[in-house]
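See below for the structure under consideration.
The values are calculated or read from the model by the stated rules, or taken from the named source; none is laboratory data. None of the values given here were measured: they were computed from a predicted structure. Here the Cβ is made from the backbone with ideal geometry for all residues, glycine too, and neighbour counts use every protein chain on show.
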Amino acid sequence: MNVERWQQIEAVLQGALDRPPAERESFVKDACAGDEELKEETTALITAYVEAGDFIEQPAIAHDAHVLVGGATSVGREIGPYRIIERLGAGGMSEV
Amino acid sequence: MMLEFDAMNALMADDLTEMLLEWREGDKAALNRLMPLVYDEIRRIAHRYVQRERDGHTLQTSALVNEAYLRLAGQQSVDWQNRAHFFGVTAQVMRHILIDHARRRRYVKHGGEVRVIPISEAAEMSMQRASELIALDEALEELSKLDQRKSRVVELRYFGGLSLEETAEVLQISLMTVRRDWRAAKAWLYKAMKDEL
């Protein structure tokens, strides 16, 4: 998939999602006008959207706040392409 | 450093504004200097998130991020351009922290030499979650090559915790556009991850 193809696919996808589920199949068929691959790609994405449900609807922090809070914390860290120096037990320091 | 809270905030406010300006003007090193500041604020955000969850409150992540910005900028009324960039940076930093953690978690499992000792069992990221996050990060990277704006929408919302409206404001696009970007990106990412995992 390249950028131009994605734009084509997205155009059909958006049109389909604008319509009630019952109308989507015929809309896609018409919009794709014989381009089978386009029809397949778009249909797969519509399916994915429906299946996705609340996928990524909750921000990551809702899941992973505990990791940020109590995870392998380090003293004197820098973040970046970024060295995190971590303690491995008492008196031990190791570079990650 | 035992400065008065206000004085310290004022210092950081100047630094932050300058860094944001520099970063906007293409100075990537400014981002490196920003990161530790933002990282500290993110940990504060996470702490409060965990605390509120324990107390049974649901939390708007973006409200915390907004507060973090106000703390760092040390001002009540905020220049929208700075604020928008702060949200953008925070989202990127959050993504980096979590993906970094996920990678190290996976690396440990595969017998790497790096060892990460969690403070408590509960603080450890599950292997499944680590795999999910890495897959999402990679899929998001792929999406950005096809459609950078959609990738930014997802980064701001999923990692930065922004609402649809806030995302529209940060990116200076319409709410309708954000909605459409979000749903198309969701479909694309979900499919990409399903194909991968």
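When you check A:Thr42 against the structure, is it surrounded by 19 or more Cβ atoms within 10 Å (Cβ to Cβ), more than 7 Å from chain B (Cβ to nearest Cβ), within 21 Å of the chain's Cα centre (by Cα) and at pLDDT 50 or above, yes or no? If you could, list the steps in order and put the result at the bottom.
Values: surrounded by 19 or more Cβ atoms within 10 Å (Cβ to Cβ): yes; more than 7 Å from chain B (Cβ to nearest Cβ): yes; within 21 Å of the chain's Cα centre (by Cα): yes; at pLDDT 50 or above: yes.
It is true that A:Thr42 is surrounded by 19 or more Cβ atoms within 10 Å (Cβ to Cβ), more than 7 Å from chain B (Cβ to nearest Cβ), within 21 Å of the chain's Cα centre (by Cα) and at pLDDT 50 or above.
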Can you tell me which residues in region A:4-24 are farther than 19 Å from B:Val178 by Cα and part of a helix (DSSP H, G or I)? A:Glu4, A:Arg5, A:Pro21, A:Ala22, A:Glu23, A:Arg24
Consider A:Gly34 carefully, then state whether it is at positive phi, of a type outside the set (Phe, Trp, Tyr) and surrounded by fewer than 20 Cβ atoms within 10 Å (Cβ to Cβ). yes
Hey, any hits in region B:99-120 for a residue that's closer than 30 Å to B:Glu169 by Cβ, of a type in the set (Phe, Trp, Tyr), in a helix (DSSP H, G or I) and modelled with pLDDT of 70 or more? no
Give just the number: which of (1) more than 7 Å from chain B (Cβ to nearest Cβ); (2) modelled with pLDDT of 75 or more does A:Trp6 not satisfy? (1)
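On the given criteria, is B:Leu37 modelled with pLDDT under 75, closer than 16 Å to B:Glu67 by Cβ and among the hydrophobic types (A, V, I, L, M, F, W, C)? Even if it seems obvious, please write down each step before you answer.
Values: modelled with pLDDT under 75: yes; closer than 16 Å to B:Glu67 by Cβ: yes; among the hydrophobic types (A, V, I, L, M, F, W, C): yes.
In short, yes.
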Across region B:144-177, the tally of residues that are of a type in the set (Lys, Arg) and away from chain A (no Cβ under 11 Å) stands at 2
Checking A:Asp54 against (1) under 30 Å from B:Ser62 (Cα atoms); (2) more than 17 Å from the chain's Cα centre (by Cα); (3) surrounded by fewer than 16 Cβ atoms within 10 Å (Cβ to Cβ), the condition it does not meet: (2)
